[in-house]
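Only the coordinates and a few stated rules stand behind these numbers; no lab work does. Bear in mind that the values here come from a model prediction, so they are computed numbers and not experimental data. Note that we place each Cβ from the backbone using ideal geometry, even for glycine, and neighbour counts take in every protein chain shown.
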Amino acid sequence: MNGQRVLTLMRREARATLRDPFTVGMLVAVPLAALLVFGFTISADVKGLVLGIHDASQTPSSRRLLADIEANGQFKPRRFADRSAIERALVGGQISAAVIIPPSFDRALRDAPGTAAAEVQVLYDGAETTTAGNAEAFLRGMIGASIASLTARGGAPQPGAAPPRGVAVVSRVLFNPTLDGTPYMVAGTFGFVLTFLTTLITAVSIVNERLQGTFEQLQVTPATSLEIFLGKVLPLGGVFAVDVGLMVLAAGVIMGAWPNGSIPFFIAVSSFYVLTSLALGLVISATSSSPAEAVQKTVLTSIPLVQLSGFAFPIRNMPLPVQWVAEIFPATHYIRVSRAIYLRGEGPLELLPELAMLLVFGLLLMGVALRSMEARA
Amino acid sequence: MSRRAATGSPAHFLSNIGAVAYKEASAMRHDRAFIAAVFLQPVMTLLLFGLALSNKPANVPWAVLDQSQTSASRRFVEAVQSTGYFLAPQAIASYDAGRALLKRGHAVAVVIIPPEFRRAMARDRAEVQTLLDGTDPVTAARVGGYISLVGATFDVTRDAPSAIPLAPLELRQGFLFNPRLRDREFFLAALAGILLTNLCLSATSLGIVGERESGTYEHMLSSPTTPIEIVLGKLTPYVAISFAVLLLAVVSAGLCFDVWPRGSWLALVLVTLPFVLGSLSIGVFVSTVSRTSAQAVFISVFFILPSFVLSGSMIPFQLMPPGIREIGYLLPLRWYQVASRRIIERGAGFSDVLIPFLAMWVFFGIMLLLIRWLMKPRLA
C-alpha cells in the first residue's frame, strides 16, 4: 500500500464530492429536515386531544367529575347531546376518546357499598392505537382519582378530605422528567440519517462513476483495490463526520437537545459507524447497473434496517424471532449507543459490548465491500 | 393530417394519451428492477407492519426494591406482573442499585415498596414509589400508567381489614374499532397509502428526466402530442398498477392478518383514484425540476420518508405539535390515510370521506397546472 497514492485518491474524491452542489445540498438539507421532522413528532402526552363528553346523569357529582377532567387542561372537552352523536364523531375521527356518564351514576355513588357500583364509560378511538394507548394511561388514573375523592367515606362528596384508595403510586421520571420526546428521537435520527443518506450517496456516486467510466480508469492505474477503497471511503467518511458535527450543533441550537455524554466520543463513534454504511453503499453499487437501481436497492435494504433498529418502535415490543433479526443489524447497535450517549450520558466503558459489536460489523462489511470491488475489477 | 388537427379535438387528445400510455406500458414491462420492487415492497412492508412494529409495551424489564417483605408487598408485585406487559422482576437491595439499572437501560421501571407499606394500608396511606426511565417517553408514560392502575385497583382490605374498601366504581372502557388495541391494525390500514406513495413517486420521478437524458423526450415532443398529453399518457399505466397494488395490499392484509375493510369497498376505490393521481403528479413534478435521474430519485426518496411520518401513517398526527400537524395537510398521503383509516378501521362509507376525496382532487388540479406551467418554456 502506498500512502502517497491513497492521499491523492482521497483529495480527488473529496473534491469530486464537494464540487457537486446538489450532493452538498443533500448533505445539509436531509439531516436538518430529518431532525425537525422526527424530533417533534413523537409524543407521550395527550395534550390537545379532543375528548367527547356526554353527561346523562346531570347531577352535582357527575358535574364535579367532568369539571375535574376539564380542569386538568390536557384534553379539549367537547359536549355531545347523546350517545349516537359521540359514536358518529368517533367514526369521523373528530374525537379521540369519550367519557359517558350513565343516568344511574349519582344514585349508585350514594348507595351503600356492596350494592350496584357507579359506572362511567370510556370509549377510545382504537383506530389510532398510540393515541388511544396514551389517552388510556392518562384518563383511567384521572377518573379513578376523581371518583375516589367523590366517594370519600360515607359516599357523600367531601372535597378536600379525600383519603387515597388502594395504593397510591408516586412516579418519578428520571433522565427526562418532562417526558419530552425530542431527545429520544434526535438520538435515533442520527441512526436514520447515517444509515440511509450515507449508503445512498455512496451507492449513487459510485454507480455514476462506473457509468461514466471514471471508476474503471482508477482501476487500471497502479493503485490497488485497497488503496482505491480507502481513497473512496476515508474522504466520504470525513465529509459525513463533519455532517455529524453539524447535526449535533443543529439539534442543540434549534431543538435544545445536546448530548449528555461526551461530544467527541459521540462524533468518534458516529464516524466509525458511517464507514459501515459507506461499505454497504459500496456493496450495493457493485451490484447495480444504474443509479435508479442503486436507489431502489438502498431503499429496500435500509427501510427494514431502520424500522427494525428501534428507531421509532422499541425492539422489545417485537416478537422474539424478529428481535434476533434486529440484533444482527449494525443500525440497532449504533442507535443504542447514540441514545446511551445522548440521553444517559454513558461513556466508552459502559458501552463496551455494543461498541465491540459495531466494530465487528463494521470490519465485516468493509471486508465484503473490498471483495465486491475486486470482483468487479 | 395537419399538426393542428392532431392536437385539437378531444378524440385526438384521448388517442394521443392512449398512444403514450401504450408506449410507456411496453417499456415498463421490460424493466425487471421495477417489477421486482413493485412486488417485493408490499411483501416486506406487510411483514414489518403485521409482525414486527408495535408501540405497545411488551417484555418490559423492571426491578423491585421490596423493603416491606410482607405478603401484601408480594401481592402488589404479582399484580403488576400479571398485567402481562412485564418480564419477571429483578430483585434489588438498594435504591442506588435501582438507579444504576435505569441508567444502564437494564430496567424501564423500578418499584420501591417502603418498609411501612403494610401498616400504612391500615391507615389508608399505602404508597409505593416508581422510578421510570424517561428516555423513551411513550414507553415511560404507558408503563407508569399501568403501574398506577394496579395501585388504584389494589384491594387493600385483604391485608388490612380495617382499611376503607375501594370505591364502588366500575370503569367500563372499550376501544372501538380495535378492541385489543393492536398496532397491527393501525399500520395495515395505511399500508396501501404507503405502498402507493412509494410506487407512484419512485416510478414517475424518473419518467421525464430519464427520457430527457436518453433523448426520447425530444422525439415525443416533435410528434404531434402536447406535453400535458405526454404526462397524462405516461401516468395511465401507473394508475392501473396502483389499483393492482391496492387490491394486493387490502387482500393480503385481510388474508394474512384478518384486517379486512369494515366500510365500503367502493368508497376505498373511489378515494384511491385522486390519491394516486396526486402522488403521480408529485413524481412528475420532481422529474421536471431535476437535472439528472439520480437527483430525481434523491428528491423523491427524501420526500417519501418524511411524508410517511408527517401524514400520520406511521405515527398518529393528533399527537404532533401544532404547526407540524398542519404541514401534513399539504400531503395527499395525509388525506388518504385519514380516509382509508375511516373506511378500513372505522367502517365509514363514502359520505364520511368526502372532504379528503375533494381535497385530493384539488391537490391534483393544482399540481397539473404547476407542471403545465413548468413544461411550457421547453416547448417554445
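Using the Kirkwood formula on the Cα atoms of segment A:175-276, what hydrodynamic radius do you get, in angstrom to one decimal? Numbers along the way, then the final one.
Details: mean 1/r = 0.0643 Å⁻¹.
Value: 15.6 Å, from the Cα pair sum.
Read phi for every residue in segment B:243-259 and hand back ³J(HN,Hα) as whole Hz from Karplus 6.51 cos²θ - 1.76 cosθ + 1.60, θ = phi - 60°, with x for Gly and Pro.
5, 5, 5, 4, 4, 4, 5, 5, 6, 5, 4, x, 5, 7, 10, 6, 9
Take the Cα coordinates of chain A, assign each an equal point scatterer, and use the Debye formula without solvent to give log10 I(q)/I(0) at q = 0.11, 0.12 Å⁻¹.
-0.84, -0.93
Taking every DSSP beta bridge with both residues inside the protein assembly as shown, roughly what % is antiparallel (nearest 5)? Write out the running numbers ahead of the final one.
Numbers: 8 of 40 bridges.
Beta bridges within the protein assembly as shown, antiparallel portion: roughly 20 percent.
If the elastic network links every pair of Cα atoms under 10 Å, which of B:Val108, B:Val284, B:Val259 fluctuates the most in the Gaussian network model of chain B?
B:Val108
Got a sec? Charge dipole of segment B:5-159, +1 on Cβ for Lys and Arg, -1 for Asp and Glu; which of B:Thr153, B:Leu102, B:Ser9 is way out at the positive end?
Farthest towards the positive pole: B:Ser9.
Which residue, B:Met360, A:Gly362, A:Leu197, has the largest displacement toward the positive end of the dipole of the protein assembly as shown when charges sit on each Cβ (Lys, Arg +1; Asp, Glu -1)?
Among B:Met360, A:Gly362, A:Leu197, the one farthest towards the positive end of the dipole of the protein assembly as shown is B:Met360.
Tell me which residues come under 5 Å, amide H to amide H, from B:Val60 once H is placed; ignore anything under 5 positions away on its chain.
B:Phe86, B:Leu87
Taking H as built 1.01 Å from N, whose amide H comes closer than 5 Å to the amide H of A:Lys76, not counting residues under 5 places away?
A:Gly48, A:Leu49, A:Val50, A:Leu51
Along the charge dipole of chain A, Cβ charges K/R +1 and D/E -1, which of A:Gly310, A:Asn260, A:Leu275 sits furthest on the positive end?
A:Asn260
What is the mean number of Cβ atoms from other protein chains located within 10 Å of the Cβ atom of each residue in peptide B:305-313, rounded to a whole number? Working shown, then result.
Details: counts 11, 7, 1, 3, 8, 2, 0, 3, 0.
Shielding by partners across B:305-313 averages 4.
Report, in degrees rounded to the nearest 10, the 0 to 90 angle that the Cα long axis of helix A:352-376 makes with the longest principal axis of chain A.
Helix A:352-376 sits roughly 40 degrees off the main axis of chain A.
Can you give the angle from 0 to 90° between the axis of helix B:265-289 and the longest principal axis of chain B, with both taken from C-alpha atoms, to the nearest 10?
Taking Cα atoms only, the helix is inclined about 70 degrees.
Enumerate the calculated ³J(HN,Hα) couplings along segment A:325-336 in order (Karplus 6.51 cos²θ - 1.76 cosθ + 1.60, θ = phi - 60°), each rounded to whole Hz, writing x wherever the residue is Gly or Pro.
Karplus values, whole Hz, x for Gly and Pro: 4, 4, 5, 8, 8, x, 4, 4, 6, 5, 5, 4.
What lysines could a cross-link reach from B:Lys23, if we take a straight Cα to Cα line under 19 Å and drop same-chain neighbours fewer than 8 places away?
Partners found: B:Lys234.
Would you mind estimating how fast segment B:232-305 diffuses translationally, via Stokes-Einstein at 20 °C and 1.002 mPa s with the Kirkwood radius over Cα pairs, in µm²/s? It would help to have the intermediate numbers written out before the result.
Working: Rh = 14.1 Å.
Translational diffusion coefficient: 152 µm²/s.
Kindly work out what percent of the DSSP beta bridges joining two residues of chain A are antiparallel, to the nearest 5. Don't skip to the answer; put the middle values down first.
On the way: 4 of 13 bridges.
Taking every DSSP beta bridge within chain A, about 30 percent pair in antiparallel fashion.
Quick one: order B:Ser205, B:Ser307 by neighbouring beta-carbon count within 10 Å, fewest to most. Don't skip to the answer; put the middle values down first.
Values: B:Ser205 32, B:Ser307 23.
Result, fewest neighbours first: B:Ser307, B:Ser205.
Using the Kirkwood formula on the Cα atoms of segment B:65-149, what hydrodynamic radius do you get, in angstrom to one decimal? The partial results should precede the final answer.
Values: mean 1/r = 0.0750 Å⁻¹.
Evaluated on segment B:65-149, it is 13.3 Å.
Report, in deg cm²/dmol and to the nearest 500, the calculated mean residue ellipticity at 222 nm for the protein assembly as shown, where each DSSP H run with n ≥ 4 adds -39500 (n - 2.57) and the sum is divided by the residue count.
Values: 30 runs with 482 residues, N = 757.
Result for the protein assembly as shown: -21000 deg cm²/dmol, rounded to the nearest 500.
Kindly write out, for segment A:215-232 in residue order, the coupling ³J(HN,Hα) from the Karplus curve 6.51 cos²θ - 1.76 cosθ + 1.60 (θ = phi - 60°), rounded to whole Hz, with x marking Gly and Pro.
Values per residue, Gly and Pro as x: 5, 5, 4, 4, 6, 8, 6, x, 5, 7, 4, 5, 5, 5, 4, 5, x, 8 Hz.
Sorted from fewest to most neighbouring beta carbons within 10 Å, what does the list B:Leu268, A:Leu109 look like? Walk me through the intermediate numbers first.
Numbers: B:Leu268 21, A:Leu109 24.
Fewest to most other Cβ atoms nearby, the residues stand as B:Leu268, A:Leu109.
Taking the Cα centre of each part, how many Å lie between segment A:1-31 and segment B:303-380?
About 38 Å separates the Cα centre of segment A:1-31 from the one of segment B:303-380.
Give the Debye-formula value of log10 I(q)/I(0) at each listed q (0.04, 0.06, 0.07 Å⁻¹), with one equal scatterer per alpha carbon of the protein assembly as shown, two decimals each.
Listed by q, the Debye log ratios stand at -0.20, -0.43, -0.58.
Taking the alpha-carbon distance from B:Lys103 and a cut-off under 19 Å, which aspartates and glutamates remain once sequence neighbours fewer than 8 residues away in the same chain are dropped?
List returned: A:Asp180, A:Glu346, A:Glu350, A:Glu354, B:Asp133, B:Asp136.
Roughly how tilted is helix A:291-307, in degrees to the nearest 10 and between 0 and 90, from the longest Cα axis of chain A?
For A:291-307 against chain A, the angle is about 40 degrees.
What whole-number distance in Å separates the alpha-carbon centres of segment B:178-207 and segment B:103-151?
38
What is the pair-distance distribution P(r) of segment A:242-311, computed from all Cα-Cα distances in 10 Å bins starting at 0, with each bin given as a whole percent?
Cα pair-distance distribution for segment A:242-311, in percent: 17, 35, 33, 14, 1.
Tell me, Kirkwood radius of chain B from alpha-carbon pair distances, in Å?
Numbers: mean 1/r = 0.0405 Å⁻¹.
Result for chain B stands at 24.7 Å.
Which of the lysines could be linked to A:Lys76 by a straight reach, that is with a Cα gap under 28 Å, when you skip same-chain ones fewer than 8 residues away?
Partners within reach: A:Lys47, B:Lys56.
Going by how many other Cβ atoms sit within 10 Å of their own, how do A:Leu275, A:Leu300 line up, fewest first? Let's see the in-between values first.
Values: A:Leu275 21, A:Leu300 16.
If I rank by nearby Cβ atoms, fewest first, I get A:Leu300, A:Leu275.
About the Cα centre of the protein assembly as shown, what is the dipole size in debye to 20, counting +1 per Lys and Arg Cβ and -1 per Asp and Glu Cβ, all else neutral? Spell out each step's value before the answer.
Values: 61 positive and 48 negative charges, 126 e Å.
Around 600 debye, computed over the protein assembly as shown.
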